């Protein structure tokens, strides 16, 4: 749910990067943080365990374009992907405006992807939302590795049915596909907030 | 050879596990596919584990093996996952991209995202390999099966060593996601065999049904002086077998009863329509007493066995994996008496300069008993490698020669080998490429048939001077 500050003419949107453990959610945020000019970003807050798993969440505020006189700011969050942190994931999803589902392309992570997507659907539902009516995209990460599933099969498992969403191949550690993913989900959020007929300023 | 390699070579279909499509498709959307041990158990040699089969089943109730998804997915038809249409969310073009990396053209790694539906891919994506056509052997990839005991086999370093086992999904019709829970049905028909003249009052039936259960009733079958109506029991048996076979691929079923022999013919797509019926009829003298006969030939592969009420014959493409049909028909083989063979004493001792060497090649570990025989009446030479009754094996091979090899079948083409499996013993009859009537007869452990075929091929190469 967007937070509008009329005094400051500022709208805050919340984007959550969701997906199985080690899929590359934090890598996305790190690249966004590196890739944006200083004036457009805050500090990247990251709480990671010693083995690079996200312990709580990563947070990165980034500012973007102005729409109808309101500056927009996107707050990017990740969740810990490991199954034991479901309460944290549920908490992070509160007030979410858009979701990037970061899938791991490796063959041996396919089941984890499917389980994580089901977990996402369930957690969103518990917040009274419906994933099918929310802005969300899928990012198939690690496309540079050798032992990966074909795109067609990833789409079959994670993005089929009547309500398909945009999907992207990515190599998050190199930045490939990172901004396309973020821009698309952000624009989908803006459309939902302002309507398709509104022009950005 | 490593134990896992020996196990792979000893599978019913060497180095291959055949998994029914009906098991695979309902699970595809889960990102993983598991198969119950009971489904594939028959493809393993009896001594594959330290426990007898019943004890294994009792100890690991509901044991399921996880299949390697890369092996599974690349064997499915490409159109299974097709249909993804371009997704372009409505209205987003009204807003410019909110975020721009440092500068356009900055080489910090940003590349046009290769959206599945919005932009070209980053790199050549892995392509689906269509299911192996019948004439092509699928690429070998190690199988990883969990939980333990694993049957993974590392890639062999030697070209002579067997390839590691592969999971094979028979290239049958694959259901769409919405109908994925239904097993791929066999296309079942009950045509009037061309050799059977329909009765004057009965039109030749050729009903095509959607499921094995839809075989026509016995009343619809033709009748004539030599062609009888298949019994209800035979039809019921054919239905049951068709349903079993359908789990591994599409087969068309036909029943014919003639001269006192009922043939239930199951024909896979791409195989001459009547070859199963014709070869089943020719193999009938061989398949009594629980025997299961397999024929690998240039234009088709045949598996035949005598069921309770009919001779069952399945015809597949020449390089099709016959393990599934072999297992289904082998389990159904229990009817009739063992064939009475011609007097083995009529076989005269003979020689072959490379016979001992061939026996070594077949045994794989050292000298093995080997004898040569000749049947002067037929002009047939038989080179037998057998630790048991060599003369009896030669007599069986002579019957195989008479029934299946002496007169070539145009629809079948040149026969590579015939295997008669009865109980724990398998007799491989392999015609030699000498242009003369010569066969290698190799008697092997039927539980390690894949390995036996490989070794028989080596022995044949020795005899042929290759």
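The values are calculated or read from the model by the stated rules, or taken from the named source; none is laboratory data. Source: prediction; values computed, not measured. Here the Cβ is made from the backbone with ideal geometry for all residues, glycine too, and neighbour counts use every protein chain on show.
From B:101, B:68, B:97, grab the single residue that is at the interface with another protein chain (Cβ under 7 Å from one of its Cβ atoms) and at pLDDT 85 or above. Steps first, please.
On the way: B:101 fails: at pLDDT 85 or above; B:68 fails: at the interface with another protein chain (Cβ under 7 Å from one of its Cβ atoms).
Of B:101, B:68, B:97, the one residue that is at the interface with another protein chain (Cβ under 7 Å from one of its Cβ atoms) and at pLDDT 85 or above is B:97.
Go through segment A:128-138 and give me each residue that's assigned to a loop (DSSP other than H, G, I, E, B) and either touching a residue at least 12 places away in the same chain (Cβ under 8 Å) or within 7 Å of chain B (Cβ to nearest Cβ) (or both).
Within segment A:128-138, the first condition is being assigned to a loop (DSSP other than H, G, I, E, B), and the residues that meet it are A:128-130, A:134-135.
Those that are assigned to a loop (DSSP other than H, G, I, E, B) and either touching a residue at least 12 places away in the same chain (Cβ under 8 Å) or within 7 Å of chain B (Cβ to nearest Cβ) (or both): A:129, A:134, A:135.
Take the residues in segment B:411-425 that are more than 16 Å from the chain's Cα centre (by Cα) and over 17 Å from residue B:319 (Cα atoms), then tell me which one is surrounded by the most Cβ atoms within 10 Å (Cβ to Cβ).
Filtering segment B:411-425 for residues that are more than 16 Å from the chain's Cα centre (by Cα) and over 17 Å from residue B:319 (Cα atoms), the one surrounded by the most Cβ atoms within 10 Å (Cβ to Cβ) comes out as B:422.
Can you report the number of residues in segment A:139-153 which are facing chain B (nearest Cβ under 8 Å) and closer than 15 Å to residue B:70 by Cβ?
Of segment A:139-153, the ones facing chain B (nearest Cβ under 8 Å) are A:140, A:143-144, A:147-153.
Filter once more, so that each one left must be closer than 15 Å to residue B:70 by Cβ: A:147-153.
Adding up the residues that qualify gives 7.
Give me the pairs, please: first residue somewhere in segment B:338-352 and touching a residue at least 12 places away in the same chain (Cβ under 8 Å), second residue anywhere and part of a loop (DSSP other than H, G, I, E, B) and surrounded by 14 or more Cβ atoms within 10 Å (Cβ to Cβ), beta-carbon distance under 7 Å, and either six or more positions apart or on two chains.
From residues that are touching a residue at least 12 places away in the same chain (Cβ under 8 Å), the pairs are B:338/B:288; B:338/B:289; B:339/B:288.
Determine which single condition residue B:229 fails, assuming it passes every other condition in (1) modelled with pLDDT under 75; (2) surrounded by fewer than 24 Cβ atoms within 10 Å (Cβ to Cβ).
(1)
So if I check each of B:73, B:24, which one is at pLDDT 85 or above, crowded, with 16+ Cβ neighbours inside 10 Å, in contact with a helix residue (DSSP H, G or I) (Cβ under 7 Å, 6 or more places away or on another chain) and more than 11 Å from every other protein chain (Cβ to nearest Cβ)?
Values: B:73 fails: more than 11 Å from every other protein chain (Cβ to nearest Cβ).
Within the list B:73, B:24, the selection yields B:24.
Is it true that some residue in segment A:29-49 is in a strand (DSSP E or B) and either surrounded by 14 or more Cβ atoms within 10 Å (Cβ to Cβ) or at pLDDT 90 or above (or both)?
Yes; the residues of segment A:29-49 include at least one that is in a strand (DSSP E or B) and either surrounded by 14 or more Cβ atoms within 10 Å (Cβ to Cβ) or at pLDDT 90 or above (or both).
What helices (runs of 4 or more DSSP H) completely inside segment B:7-95 contain at least 1 residues that are farther than 21 Å from residue B:448 by Cα? So that I can check it myself, show each step before the final result.
Numbers: elements: B:21-24, B:37-40, B:53-59, B:69-74.
Counting at least 1 such residues, we get B:21-24, B:53-59, B:69-74.
State the number of residues belonging to segment A:83-99 that are crowded, with 18+ Cβ neighbours inside 10 Å and in a loop (DSSP other than H, G, I, E, B).
Of the residues in segment A:83-99, the ones crowded, with 18+ Cβ neighbours inside 10 Å are A:85, A:89, A:92-93, A:96-99.
Cutting the leftovers down to in a loop (DSSP other than H, G, I, E, B) gives us A:96-97.
Residues in segment A:83-99 being crowded, with 18+ Cβ neighbours inside 10 Å and in a loop (DSSP other than H, G, I, E, B): 2 in total.
Go through the residues of segment A:160-175 one by one and say whether even a single one is more than 9 Å from every other protein chain (Cβ to nearest Cβ) and under 17 Å from residue A:77 (Cβ atoms). Quick ask: steps written out before the conclusion?
The first filter runs over segment A:160-175 and keeps only residues more than 9 Å from every other protein chain (Cβ to nearest Cβ), leaving A:162-163, A:172.
Next, only the ones that are under 17 Å from residue A:77 (Cβ atoms) stay: A:172.
Yes, segment A:160-175 contains at least one residue that is more than 9 Å from every other protein chain (Cβ to nearest Cβ) and under 17 Å from residue A:77 (Cβ atoms).
Please determine whether any residue of segment B:346-354 is part of a loop (DSSP other than H, G, I, E, B), under 15 Å from the mean Cα position of the chain (by Cα) and more than 21 Å from residue B:255 (Cα to Cα). Walk me through it before giving the result.
Restricting attention to segment B:346-354, the residues satisfying the condition of being part of a loop (DSSP other than H, G, I, E, B) are B:347, B:351-354.
Retained after the next criterion (residues that are under 15 Å from the mean Cα position of the chain (by Cα)): none.
No: segment B:346-354 contains no residue that is part of a loop (DSSP other than H, G, I, E, B), under 15 Å from the mean Cα position of the chain (by Cα) and more than 21 Å from residue B:255 (Cα to Cα).
Against the conditions (1) closer than 23 Å to residue A:191 by Cα; (2) at pLDDT below 85, where does residue A:15 fall short? Just the number, please.
The single condition residue A:15 does not satisfy is (2).
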